[in-house]
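Down below is the structure, laid out as structure tokens.
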Amino acid sequence: MSTADKYSTADKYVVPVEMCTWDIEAAGAARFSWEYGDGRDRLLALYQKGKDKQWDAMQRIDWHLDVDPDDPLGMPLQSNPLVGSRAWERLQDDPRALGELRRHQVAWQFSQFMHGEQGAMICSARIVESVPDLDAKFYASTQTMDEARHAETYARFLQEKVGLVYPINPHLKSLLDDTLSDSRWDMPYLGMQVLIEGLALAAFGVLRDMTTAALPKQILSYVMQDEARHVAFGRIALRDYYAQLTAAERAEREEFVVEGCYLMRDRFRGQEIWEHLGLDRADCEQTVMNSPLMQAYQALLFSRIVPCVKDIGLWGPRVQRAYADMGVLDMAGIDLDALLRADEDLAEQADAQKADAQKRELVERRAEVDEVIAIGSADAPTP
Ligand SMILES: [Fe+2]
Ligand SMILES: [Fe+2]
């Protein structure tokens, strides 16, 4: 079997997916800039950091680590969003059915991460093409590579360790469509980096902190380390740009933010899993909506978006009203810089832990070898 067959996605989709490309007609201009010399210091510093912090998913991640397909994240049962539903009452004493449910939940979640990362890669490439300034083009080129690595990493995790893949969620797809078919250069950035990746980043963070499985913990920590740079770019590039827009132009962006946030909150709960496994949709929906744990999780999902939206200057009454309605307005006060610094530190800690584990393994192996040599020399006939 060739590597391509082994990792083919076609036979891992839970429902048949037509393996043709999804084409979005490009709109807007591809722009050249002839000014090579007056980059903004903060953007050029970010570009330098993007170059310095490149890594290879094949090398940095310990792919040999085992993953339990029935509980790929090693999560406490009580954290399952379906706890309390009739479906859960029925399934909880059936280890096979419970394992299947948990595997599908992780497959759905990580499949959306994977498709989202492909979207992020395409949006970053679009920014390289359309943003007017060269410093932003340079930086976005490094982000394109980061997003390629993220899509590669999630794809390998799903294909090799989970063995199941879900198609892209239709609402995520329509948000991507809106984002990419707009000719204004900032829209891919606002839709993708601020909204979709803002939500994704919060979800990565919750899972990174809760998972007890070493492989997904590494993956999430390393991906998050890169995302800290992406958020920083959005804040620099969009804050400068939005400050020059008219009130009407800003209002259009605010409208887009509000609609996108409601869409991702209400339509992105794993409904496809319940349908696929034949669980009662109304029962699952009701449980997820009313679960205090899920409400806390949903609120956390906005912890990265709300301070960022405020920071880039899209903070009109419509946005504030929507966030108050969602119960997340207080999150505007969150220190985003501190969160992002902590993400970078955690990735470095994961590297340090790996280095310690490798050292321990080396010491153990040496001890084993010494022991075998000692046994061998004890058995040797005395001359
Ligand atoms: Fe990413
Ligand atoms: Fe990103």
- Message: Can you classify the stretch 115-167 as rounded, prolate or oblate using the Cα gyration tensor, where a ≥ b ≥ c are the square roots of its eigenvalues, rounded means a/c under 1.5, and otherwise it's prolate if a/b beats b/c and oblate if not?
- Response: prolate
- Message: Test of understanding: in a Gaussian network model of the chain with alpha carbons linked when under 10 Å, which of Ala228, Ala203, Ala30 would top the mean-square fluctuation ranking?
- Response: Ala30
- Task: Give me the angle, in degrees from 0 to 90, between the Cα long axis of helix 317-326 and the longest principal axis of the Cα atoms of the chain, rounded to the nearest 10.
- Result: 40 degrees
- Message: Compute and list, largest first, the equivalent-ellipsoid semi-axes of the stretch 247-376 from the alpha carbon gyration tensor, each √(5λ) rounded to a whole angstrom.
- Response: 47, 25, 12
- With label points built 7 Å along Cα→Cβ from the Cα atoms of Asp70 and Glu100, find their separation and express it in nm. 1.3 nm
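From the C-alpha gyration tensor of the stretch 118-236, pull out the three semi-axes of the equivalent ellipsoid (sqrt of 5λ each), sorted largest to smallest, in whole Å.
Rounded to whole Å, the semi-axes are 25, 16, 13.
Using the Kirkwood radius over Cα pairs, work out the Stokes-Einstein diffusion coefficient for the stretch 1-119 at 4 °C and 1.567 mPa s, in µm²/s as a whole number.
66 µm²/s
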- Note on the structure: Of every Cα-Cα pair in the stretch 42-85, the percentage lying beyond 15 Å is 69 percent
- Message: I'd like the orientation of helix 281-290 relative to the chain: the angle between its Cα long axis and the longest Cα principal axis, in ° from 0 to 90, rounded to 10.
- Response: 80 degrees
- Query: Quick one: Leu65, Leu215, Leu201, fewest Cβ neighbours within 10 Å first, how do they rank?
  - Reply: Leu65, Leu215, Leu201
- Task: Scale the Cα Rg of the stretch 294-369 by the rule-of-thumb value 2.2 N^0.38 Å and send over the ratio, two decimals.
- Result: 1.83
- Query: What would the Debye formula give as log10 I(q)/I(0) at q = 0.13 Å⁻¹ for the alpha-carbon point model of the stretch 49-202, no solvent?
  - Reply: -0.71
- Message: Tell me the Rg and the Dmax, in Å, that the Cα atoms of the stretch 201-317 produce.
- Response: 17.5, 52
- Message: Between Ala342, Ala282, Ala148, where does the largest GNM mean-square fluctuation fall for the chain, given springs only between Cα atoms within less than 10 Å?
- Response: Ala282
- Task: For the stretch 100-140 and the stretch 1-73, write down the distance between their C-alpha centroids in whole Å.
- Result: 7 Å
- Query: If R0 is 35 Å, what FRET efficiency do you get for Asp93 and Ala296 from their C-beta distance, rounded to 0.05?
  - Reply: 0.85
- proj_area_mean for the stretch 151-219 (convex hull on C-alpha atoms), units nm², value 5.4 nm²
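Per DSSP helix of 4 or more residues, -39500 (n - 2.57); summed, then divided by the residues of the chain. What does that give at 222 nm, rounded to the nearest 500? Don't skip to the end; give the middle numbers.
Working: 16 runs with 247 residues, N = 383.
Mean residue ellipticity, 222 nm, calculated: -21000 deg cm²/dmol.
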- Item | Whole-number percent relative contact order across the chain, with pairs defined as alpha carbons under 8 Å at least 6 apart | 21 percent
- Item | For the chain, the Rg and Dmax computed from alpha carbons only, in angstrom | 23.4, 97
- Note on the structure: Classified through the alpha carbon gyration tensor (a ≥ b ≥ c as square roots of its eigenvalues; rounded if a/c is under 1.5, else prolate when a/b is larger than b/c, else oblate), the stretch 10-56 comes out oblate
- Task: Pick out which of Ser124, Ser181, Ser79 has the largest mean-square fluctuation in a Gaussian network model of the chain, springs linking Cα atoms closer than 10 Å.
- Result: Ser79
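Since every read-out is calculated from the coordinates, none of them should be taken as a lab result. What you see is a predicted model, and the numbers here were worked out from it, not measured in a lab. Don't worry about glycine lacking a Cβ; one is built from the backbone with ideal geometry, like all the others, and counts go over all protein chains shown.
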